[in-house]
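All remarks here apply to the structure that follows.
The values are calculated or read from the model by the stated rules, or taken from the named source; none is laboratory data. Given the structure is predicted, the values throughout are model-derived calculations rather than measurements. Cβ coordinates were reconstructed from backbone atoms using ideal geometry, including for glycine residues, and neighbour counts include every protein chain displayed. In case anyone asks, the SASA skips ligands and DNA or RNA and just uses the protein heavy atoms, side chains included. Shrake-Rupley method; radii C 1.70, N 1.55, O 1.52, S 1.80 Å.
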Amino acid sequence: MRQSSSCSIDAVDATGQTSPTTAIPSTLDRALTLHKAGQLDQAQTLYQELLHHEPEYPDAQQLLGALLCQRGEYAQALPLLQRACQQMPHHRDAWLNLAKAQRSLAQHPNALATVLVWLERHPQDVDALVLQGRCLRTLGRDNEARQAFESALLHAPQSPEAMLQLADLLQTSAPAEAMALYRAVLNHSPNRESALSGLAMLHKARGELEPARQLLERALAVQPERLATHTNLGNVLVELLQLQPALEHYQRALALDPKNSGTQINLGNALRLLGRTEEARAMLLQCLGSGGEISFVCNNLGILESEVCNHKLATAYYCRALEHDPDQADVWANLGSSQLALGERAAARQSYGRALDLQSDSSVARFGLANVDLLEGRWAQGWQNYELRWMGSQQAGRRVVRPYLPWPQWLGQAPIPGQSIFVFHEQGFGDTLHFMRFLPLLAQQFGRVVFVCQPSLVRLARASLGHRIEVVSSDQGVVIAQNSRFDWQVPLLSLPLALGVAPPPFGQAKAVTGSYLRVPAADPAAPLQVGLCWAGNSEHSADALRSVPLAHFDSLFKLPGVQWHALVHGAGCPDPRLHDALHGAQDFADTAQRVRALDLIISVDTAMAHLAAGMGKPVWLLNRFAPDWRWGFEGEHCVWYPSLRQFRQPAPGQWEPVLQAVEQALCDWQTL
C-alpha cells in the first residue's frame, strides 16, 4: 500500500472571500502571494498578524491551517480549520483540508465524517470522493473504498489521483487492472513517482525484475531521497543478483532513517549475500539489541546461520522467532529447511505443512516438501512441487534465476509432428550432467530440439547426445532465443515431470538409465588408478557439509598399489602423493578424457560424481548425513547411476567411519 507523506495537503487556492475591512484583504493578498511562492515563514507571520487583530477571520484561519498542514504541524492546524468550517460551511478547501489534517493525525473516523458532510452537499466532488476512498481504505473498508474511487472516475474518467488510488487498492486483488491504471496515470503524468513505484512493484510480483528496476530508477530520478524507493530498488537488485548496487541503495535508505530496523535487516542481508558474514551478523545482532522486531530479526539471523551450515543455531533462532509470532509461514518454512539439513525429515515435513496451513501458496514450503518427497522417492508429488524452485529454492539473492522466454512450457503434452522445443540448463554442472540423459527422449517426439548448456559442457554434450539434438552454449542460446521461434520451452530439470519419470525406490540396485555419456575400455594391465574429488565449488551453500578436508585421506594415500589423481578443478596437487589429473583441462570434455583413463573415482557430492557415473565409470560417492534429495536417505545404490556406490555419514560431520569403509572396500577391490 502506498502511504501518504506528511505533507499531502493539496495546493492552496484563493477563495475570493474577504473581510469588508480594507486593510485586511490587502494583507491577506500579500500573505497568499507569499504562500503560493513557497515563502512559508513570511506568509505564516502575516496570517498570524491578521488573526491577532481579528481572531475569527475565517480566511486567515483556513489558509494558516493549510500552511501548517504543509509543514506537518497538523495538531496546530486542526482547531484553525475546525473554526473555519464552522464560519464558512460552504468553503471547499476548509472542509477537505480539515479531513486531511484529521487523517494525518490518525483520527480516521473523524476524517471520514468530515468528508461525508461535504459530499452530502457536493456529491460529485472528485477530490472529496478520492479522499473518502482513502479514509475508507485506512479503516479497512476496501469494498466501499473501491466504490468511492470508481464514483470519482465516473465523474472524471481521466483523474490521475482517482486512478492512482484505485490502482493502489487493487494491487493484490486485481493486479492486471491495477497495472492498466498505473499506466494510464503515467500516460497523463510520466514522472508521477507513486505510479512508477506502484507499477514497479507489480512487475516485481510477476517476476519481471528488469522492468521493475527501470521504473524504480525513474522514480528515484523524480524523488531521490525517498526511503521506500531506495528499499524497493535494493530488493529488486538483490533478486537480480546485483548485490553491490543493492547494498548501496540500502545504505542510502539507512542514511535517511538510521534507526529503521527494516533497513538494518535489508542491509544485513545484503552483506550476507556478498559473503561478508561477520558484518552481516553484527548488523542483525545490533538490530536485535536495539529493539528491532524480534521475530523478524531472528528469522534473518536463522537464514544467515543456515547459509554457513550452522543449522542447529539456525533452528534455535527460528524457534525463538516463532515464540514471538507463531503464525509466520516463512519462518516455519525456513525451520523446515534447517531441520531437513539436520536429517530430521519428519519434523521438516511437519514444519512445511504448518507453513502451508498458514500460507497455501508458500513457494519455499512447497519446494521444501519437494525435497522431502524426492528424498523419500515420492516422485509424482515431488516433481510437481519441484517446479517451485524458481521462487522457493533459497532465500532472495540465491534463487534459481529463470530466463524469460516467450513460448509456453512443455508439460508432457503430445506435440504436433515437426514441432520444436528449446531446452535450457539451470543450476550447476552436476545438475546438467544428471538430467541431460532425458534429452534423447525429446528427440523421439520433436522435429527440432535445441539444448543450451554451460560452455564447458558443450563438447561433451555434443559427443554424448548425437546429431539429432542441437547443443549450443549459453551465449549462443541467447542469440537463438532472440532470433528464432519455438513451439515449446522447458527447463532441463523439469523434464522428469513432463516425461513422467518414476525411478524405482531408493535402495534398489536397478537404475533409471544406464550409462549415457561415454564408457571407456578397461586396461587390466595398468595399476589401480583412483581419482579423488574431495571438494566441490566453495560458493555452494552446503559446501562445508559435503566437502572433506584432504588430511582425512591420509590413511588411504598409504595403501599400496594405488595411484591417486586429484580431480578438483583449480586445486592442483596440495599433497605430493597426488597427481594433478586436470592440469590443462579447459572444459568438461577435457575432464572426461582424463576421467576415462581412471579405474575408480571417489568423489563428494559434486559435478565430478555425475560426470564419471554418467560415463559408466565406477564411482564411490562420499555422502553427507542429510544428503541432497537425488541420493535418497538410505542404501548404497543409486537409482540414477548403476555404477555409483554410496558411502554415507552415520551422523552429521562424521567422515571417519565413511573413509574407514572406503579403505576396506579398496582393499577388497585389490583382492578381486
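Sort through GLN158, GLN171 and tell me the only one that's in contact with a helix residue (DSSP H, G or I) (Cβ under 9 Å, 6 or more places away or on another chain), touching a residue at least 40 places away in the same chain (Cβ under 8 Å), under 30 Å from ALA205 (Cβ atoms) and surrounded by fewer than 24 Cβ atoms within 10 Å (Cβ to Cβ).
On inspection, the qualifying residue turns out to be GLN171.
List pairs: first in region 90-107 and over 17 Å from ASP125 (Cβ atoms) and at pLDDT 95 or above, second basic (Lys, Arg) and surrounded by fewer than 24 Cβ atoms within 10 Å (Cβ to Cβ), Cβ under 7 Å, 6+ apart or cross-chain?
Matching pairs, first to second residue: none at all.
Tally the residues that are of a type outside the set (D, E, K, R) and open to solvent by less than 40 Å² (accessible area, probe 1.4 Å), restricting the search to region 250-281.
Looking only at that region, the number is 16.
Identify, by number, the condition in (1) under 19 Å from GLN165 (Cβ atoms); (2) within 40 Å of the chain's Cα centre (by Cα); (3) of a type outside the set (Gly, Ala, Ser) that LEU105 doesn't meet.
Unmet for LEU105, out of (1) under 19 Å from GLN165 (Cβ atoms); (2) within 40 Å of the chain's Cα centre (by Cα); (3) of a type outside the set (Gly, Ala, Ser): (1).
Can you report the number of residues in region 282-314 which are open to solvent by 50 Å² or more (accessible area, probe 1.4 Å) and free of Cβ contacts under 8 Å to residues at least 24 places away in the same chain?
The total comes to 6.
Residue by residue, here is whether (1) at pLDDT 95 or above; (2) of a type outside the set (A, V, I, L, M) holds:
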{"position": "LEU181", "(1), (2)": "yes, no"}
{"position": "SER189", "(1), (2)": "no, yes"}
{"position": "LEU196", "(1), (2)": "yes, no"}
{"position": "LEU199", "(1), (2)": "yes, no"}
{"position": "ALA205", "(1), (2)": "no, no"}
{"position": "GLU208", "(1), (2)": "no, yes"}
{"position": "ARG218", "(1), (2)": "yes, yes"}
{"position": "ALA221", "(1), (2)": "yes, no"}
{"position": "ASN232", "(1), (2)": "yes, yes"}
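Would you call LEU50 surrounded by 19 or more Cβ atoms within 10 Å (Cβ to Cβ) and at pLDDT 95 or above?
Considered against the rule, which asks whether it is surrounded by 19 or more Cβ atoms within 10 Å (Cβ to Cβ) and at pLDDT 95 or above, LEU50 comes out as no.
If you check every pair at least six apart or on different chains, which have Cβ atoms under 7 Å apart with a residue in region 537-554 that is more than 16 Å from ILE602 (Cα to Cα) and at pLDDT below 75 first and a residue that is in a helix (DSSP H, G or I) and not hydroxyl-bearing (Ser, Thr, Tyr) second?
So the pair list comes out as SER541/GLU307.
Looking at region 430-523, what helices (runs of 4 or more DSSP H) fall wholly within it and have at least 1 residues that are of a type outside the set (Val, Ile, Thr), at pLDDT 90 or above and farther than 30 Å from GLU636 by Cα?
Those helices (runs of 4 or more DSSP H) span 439-443.
Only one of these is open to solvent by 40 Å² or more (accessible area, probe 1.4 Å) and of a type in the set (Lys, Arg): ARG596, ARG630, ARG624. Name it.
That would be ARG596, the only listed residue that is open to solvent by 40 Å² or more (accessible area, probe 1.4 Å) and of a type in the set (Lys, Arg).
Which residues, counting only those in region 30-51, are assigned to a loop (DSSP other than H, G, I, E, B) and among the aliphatic types (A, V, I, L, M)?
The one that is assigned to a loop (DSSP other than H, G, I, E, B) and among the aliphatic types (A, V, I, L, M): ALA37.
Using the structure shown, decide if LEU64 is at pLDDT 90 or above, open to solvent by less than 30 Å² (accessible area, probe 1.4 Å) and assigned to a helix (DSSP H, G or I).
Taking the combined requirement at face value, the residue satisfies it.
Looking at ALA333, ALA321, which is the one that is aliphatic (A, V, I, L, M), over 28 Å from ASN623 (Cα atoms), open to solvent by less than 60 Å² (accessible area, probe 1.4 Å) and in a helix (DSSP H, G or I)?
Going through ALA333, ALA321 in turn, the sole match is ALA321.
Within region 100-127, track down each residue that is among the basic types (Lys, Arg) and surrounded by 15 or more Cβ atoms within 10 Å (Cβ to Cβ).
Scanning region 100-127 gives LYS100, ARG103.
Kindly provide the set of residues from region 399-431 that are aliphatic (A, V, I, L, M), open to solvent by less than 30 Å² (accessible area, probe 1.4 Å) and closer than 18 Å to GLN445 by Cα, ordered by number.
Scanning region 399-431 gives ILE421, VAL423.
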